[in-house]
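S.K.: Take a look at the following structure, please.
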Amino acid sequence: MISSGVKVTAPAHRMDIEEGVVGLADVLEEVARSYGFDRIPTTTMADALPPQVGNPVHEWEERLRDLLVAIGLQEVVTYRMTSPEREGRVVAHNEYVRIANPIAPERSVLRQSLLASVLEVAEKNAKAKSIAMFEVGSVFEPVKNDLPNEPRRLGIVMTGARIAPAWDVKDSPAFDFYDMKGRIELLLAGLRFTDIVYAESESAYNMHPGKSAEVKVNGQVVGVFGELHPLAKEKYEFGDAAVIVAEFDLEKLRTLSPSFGIKPVSEFPPMYEDIAVILDESVAASAVEALIRQTGGKTVTDVRLFDVYRDEKIGAGKKSLAYSLTYQAEKTLTDADAAAIRNKIVKRLEHTVGAKLKS
């Protein structure tokens, strides 16, 4: 290599130094190392800094991870390679993206279920007293004569004791459906979603009937969660505690992610009121909440279910739902204003779902 009248020959064992102009930087580095980096004067960069270009998808997923860790979940990273038999324990697919040269027979295809991957990790750690883990990653959907689709998913698995054993906690209850629901509520609140509905799930694969639900954001199903079906659980080596799982479509969830700003605090005080209605067991609490919000309009700023009561005194096949309502307007509301709103809501519930105000 000749540069400025200097001929340099690299020893045979220095395979990292290339010949020609490409290797000039390698040689200069060796000269600088021999001369001493501390003896070379510093200079400022002549060119302007390149513009900073963000990656919204990556930033959104990093925020999602931060929220998941903040609500008590631990992140895991699993293999994208699996086998139809391993995934078939929790979900079955007919076609897979097959690997031409797999590293092992049990890693012969690309996964189509993120939940199956997280369940494998949970199974290997089943001796732990408490497990609460998640993964954010891709699944691979085969497409004929083209590269596979790689939608992003979120998988969560919880099992074991709600609180890890300690000196002051010896016998903690096990994770259940509501532990998962509470964490999902915190997650969606952290992502600034407001139009959230939890509905009975009829299509949730391998989940316990009556102990699973689908999550709707802005009217679209974005995920499902619930207790793993006992028949599916038998295919894994878990203990006696229930296995609570969740899986979300991150592509859809990110698309629905709202933009948010600063909301001014009203100068007028809110009014709080509790009402309890008796209705048929078949009426969903979410349907009652939706009717309350529709009827109250902008004046009803918050609706929260805080009690469900069942007893023979209120009748067979009946239940009592108690809601805490918040009224607020661009004026100071009076007792008469609150009574008018309440009466309007009660009449709407009576007419639509046959509810009666509990005295």
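S.K.: Please return the ranges of strands (runs of 3 or more DSSP E) entirely within segment 229-320 where 1 or more residues are under 30 Å from W60 (Cβ atoms) and touching a residue at least 24 places away in the same chain (Cβ under 8 Å).
M.R.: Filter on segment 229-320 gives 243-249, 300-309.
S.K.: Considering only residues of segment 171-221 that are touching a residue at least 40 places away in the same chain (Cβ under 8 Å), touching a Ser or Thr at 6+ places or on another chain (Cβ under 7 Å) and not β-branched (V, I, T), which is nearest to D302 (Cα to Cα)?
M.R.: Top of the filtered list is Y198.
S.K.: Which one is nearest to L187 (Cα to Cα), of the residues in segment 123-157 that are crowded, with 22+ Cβ neighbours inside 10 Å and out of contact with any helix residue (DSSP H, G or I) (no Cβ under 6 Å at 6 or more places or on another chain)?
M.R.: That would be I156.
S.K.: A336 passes all but one of (1) out of contact with any Gly (no Cβ under 8 Å at 6 or more places or on another chain); (2) in a helix (DSSP H, G or I); (3) touching a residue at least 40 places away in the same chain (Cβ under 8 Å); which number fails?
M.R.: That leaves (3) as the condition not met.
S.K.: Let me ask something additional. Determine which single condition F225 fails, assuming it passes every other condition in (1) out of contact with any Lys or Arg (no Cβ under 8 Å at 6 or more places or on another chain); (2) under 24 Å from A126 (Cβ atoms).
M.R.: Going through (1) out of contact with any Lys or Arg (no Cβ under 8 Å at 6 or more places or on another chain); (2) under 24 Å from A126 (Cβ atoms) one by one, F225 breaks only (1).
S.K.: Here is a further query. Kindly establish whether V221 is surrounded by 22 or more Cβ atoms within 10 Å (Cβ to Cβ) and touching a strand residue (DSSP E or B) at 6+ places or on another chain (Cβ under 6 Å).
M.R.: The answer is no for V221.
S.K.: Looking at segment 186-243 only, could you name the residues that are closer than 20 Å to R152 by Cα, among the aliphatic types (A, V, I, L, M) and at pLDDT 90 or above?
M.R.: Correct list: L187, L188, L191, V215, V217, V221, V222, V224.
S.K.: Moving on. Taking the residues in segment 19-62 that are under 40 Å from the mean Cα position of the chain (by Cα) and surrounded by 10 or more Cβ atoms within 10 Å (Cβ to Cβ) as candidates, determine which candidate is nearest to R153 (Cα to Cα).
M.R.: Ranking the candidates gives E61 first.
S.K.: Looking for whichever is assigned by TED's automatic domain parsing to the domain that holds K235 and either free of Cβ contacts under 8 Å to residues at least 40 places away in the same chain or touching a strand residue (DSSP E or B) at 6+ places or on another chain (Cβ under 7 Å) (or both) here; the options are P51, P11, P84. Which one fits?
M.R.: Answer to the check: P84.
The values are calculated or read from the model by the stated rules, or taken from the named source; none is laboratory data. A quick note: this is a predicted structure, and the numbers were derived from the prediction, not measured. Note that we place each Cβ from the backbone using ideal geometry, even for glycine, and neighbour counts take in every protein chain shown.
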